[in-house]
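Asks: The following block contains the structure, expressed as structure tokens.
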Amino acid sequence: MTIEDIDKEFFFHPFTQLREHQQHGPLTMVEGHGSTLTDTRGRTYLDAMAGLWCVNIGYGNTEMAETLRAQTERLPYYHTFASMGNEPVARLAQRLIAMAPGEMSKVFFGNSGSDANDTQVKLVWYYNNVLGRPEKKKIISRRRGYHGVTVMSGSLCGLPGMHAGFDLPLPMVHFVRAPHRLWEQQEGQSEEEFVRDLADELERLILAEGPETVAAFIAEPIQAAGGVIVPPASYFPAIQEVLRRYDVLLIADEVVCGFGRTGDTFGSEVFGVRPDLITVAKGITSAYVPLSACIVSAPVWDVIASGADKYGVFSHGYTYSAHPLAAAAAMTNLDIIERDGLMRQAKARGDHLAERLRAEFADHPLVGEVRGYGLLGAVEFVKSKDPLTAFDPALKMSAAVVQRARELGVISRALPASDSIAFSPPFVVTEDEIDEMAALARQALDDVARDLR
Ligand code: PLP
């Protein structure tokens, strides 16, 4: 049996068209170096997505291998329940608090962005229960947002595909529009009016639900999987004014933006977000080992800590919470990013990416928008620019372009909610590699467009 046959026979793939997988089988990668992946047949690909927006220091880093070997020999695992600790995790928590924006106090560790966002909601609920506000539990999220796949974090996603078949979203989750200029900004509406419109929508929802029932608002600084949607500069300040008025906490989901993808340490710093709770994952270890964290502000921590009087033990945590291998990997990953100036490099490469994507796509008749920030970019396809008309979703335009690009040797990612393809390469990507990614993606679009006629 080939590895592909074994895969088809036994492996239940996440986020996969299961019927098509049975026909076509997997593409199996066996090796990675820098921004390049190699498959079982020896074909190489430029990974324009750093895996799933996460291998920020690039593949095959030997310092990470050495750290993992050394920590495995010293202490591969011990739990952190009931006041047990380990060295790497205490140091990592201290470092994250020093790095995080605002008045942050404590770090709770998990294993994925999904479980961290789930934890955030439990923290918010616990907080309001300690405060004696048992009815203040609703969470507001945004359409096109992506926050994970657990029952709660999947509910927080503003992507209908994430709910279908799973009986989601949970009833306490509500949605407002995303700040997606292309589709949400009315003709003739200034940016200021657009932002006002979005903030008013949020306020109307809070008032309609009753402010005493609304606990938190969750947002990615840049909505990644929903289409790389970059908010107007005045968006978060306007949203936060509303949240403060009604005593609604803000959870910043920094799973993609955190640790340099925007060129700054956190997307919150770039877009004026002042979070009460911050979720991080992916880039904290460059995905070498699973790790996530909830960074909790001092005022929220104070309330939660006082919950001991009411509830006794804080009964939440995972076997793998604060795993020493993951914490050691995170420390080395952050060392590498700092020492090699990779955040600055991400910004510089991001500027180059933006320039190349604009050059290849901006004037294309089937491209509605080229957008991005830092080392994040997207190209959104439309059937017509004037009048602005989307492709029939059944055509799966972005998926077709990504499939063709892969045949040409570039791995991008289709973001079906906005019919876009995404670019989020490792911070170590070279300018030449970016040129090739953009040029081959353009060729892929032209090839697909030719077949449309
Ligand atoms: N939040 C954001 C913004 C994400 O992009 C993702 C994953 O892509 C998640 C949360 C969920 O993270 P995970 O897949 O590690 O559960």
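Asks: If each of ASP386 and HIS21 carries a label point 7 Å out from its Cα toward its Cβ, how far apart are those two points in nm?
Replies: That separation, rounded to one decimal, is 4.5 nm.
Asks: Within the stretch 223-307, what percent of beta bridges assigned by DSSP are antiparallel, to the nearest 5?
Replies: Of all bridge pairs located within the stretch 223-307, approximately 60 percent are antiparallel.
Asks: Working out 0.36 nm times the residue gap between GLU212 and VAL151, then minus their Cα-Cα distance, what length gain in nm do you get to one decimal?
Replies: 19.6 nm
Asks: In the stretch 54-157, what GluC sites (Glu not before Pro) fall in a loop by DSSP, with at most 13 other Cβ atoms inside 10 Å?
Replies: Those satisfying the criteria are GLU103, GLU135.
Asks: Something else now. Just the number, please: Stokes-Einstein D of the chain in µm²/s, Kirkwood Rh from C-alpha pairs, 20 °C, 1.002 mPa s.
Replies: 94 µm²/s
Asks: Hey, fewest Cβ within 10 Å first, where do CYS257, CYS157, CYS54 land in order?
Replies: Ordered from fewest to most neighbouring Cβ atoms within 10 Å, CYS257, CYS157, CYS54 come out as CYS54, CYS157, CYS257.
Asks: Would you please give the residues with an amide H less than 5 Å from that of LEU250, counting only those at least 5 places away or on a separate chain, with H modeled from the backbone geometry?
Replies: Amide H neighbours of LEU250, under 5 Å, 5+ apart: PHE217, ASP276, LEU277.
Asks: A further question on this structure: So if we plug the beta-carbon distance of ALA298 and GLU135 into 1/(1 + (r/R0)^6) with R0 = 35 Å, what FRET efficiency do we get, rounded to 0.05?
Replies: That gives a FRET efficiency of 0.90.
Asks: Please arrange ARG413, ARG144 by counting, for each residue, the other beta carbons lying within 10 Å of its beta carbon, fewest first.
Replies: In order of increasing Cβ crowding within 10 Å: ARG413, ARG144.
Asks: Considering only lysines 8 or more places apart in sequence, or on different chains, count the pairs in the chain whose C-alpha atoms sit under 19 Å apart.
Replies: Final tally of qualifying lysine pairs is 10.
Asks: Further question on the same structure: Estimate the FRET efficiency between GLU87 and ALA164 by the formula 1/(1 + (r/R0)^6), using the beta-carbon distance for r and 45 Å for R0, to the nearest 0.05.
Replies: Taking R0 as 45 Å, the efficiency between GLU87 and ALA164 is 0.50.
Asks: On to the next question. Measuring from label point to label point, each 7 Å out along Cα→Cβ, what is the ARG41 to ARG244 span in nm?
Replies: Modelled inter-label distance: 5.8 nm.
Asks: By DSSP, what percent of the beta bridges with both residues in the chain are antiparallel, rounded to the nearest 5?
Replies: 70 percent
Asks: Using the beta-carbon distance between ASP451 and ALA70 and R0 = 60 Å, what value does 1/(1 + (r/R0)^6) give for FRET efficiency, to the nearest 0.05?
Replies: Result of the calculation: an efficiency of 0.70.
Asks: Kindly put TYR288, TYR311 in sequence by how many other C-beta atoms sit within 10 Å of each C-beta, fewest to most.
Replies: TYR311, TYR288
Asks: Projected area of the stretch 123-261, taken from the Cα convex hull and averaged over every viewing direction, in nm²?
Replies: If you wrap the Cα atoms of the stretch 123-261 in a convex hull and average its projections, you get 8.8 nm².
None of the figures in this text is laboratory data; all of them are computed from the coordinates on show. This one's a predicted model, so the numbers in the text were calculated from it and none came from an experiment. So basically every Cβ, Gly included, is an ideal-geometry build from the backbone, and we count neighbours across all protein chains shown.
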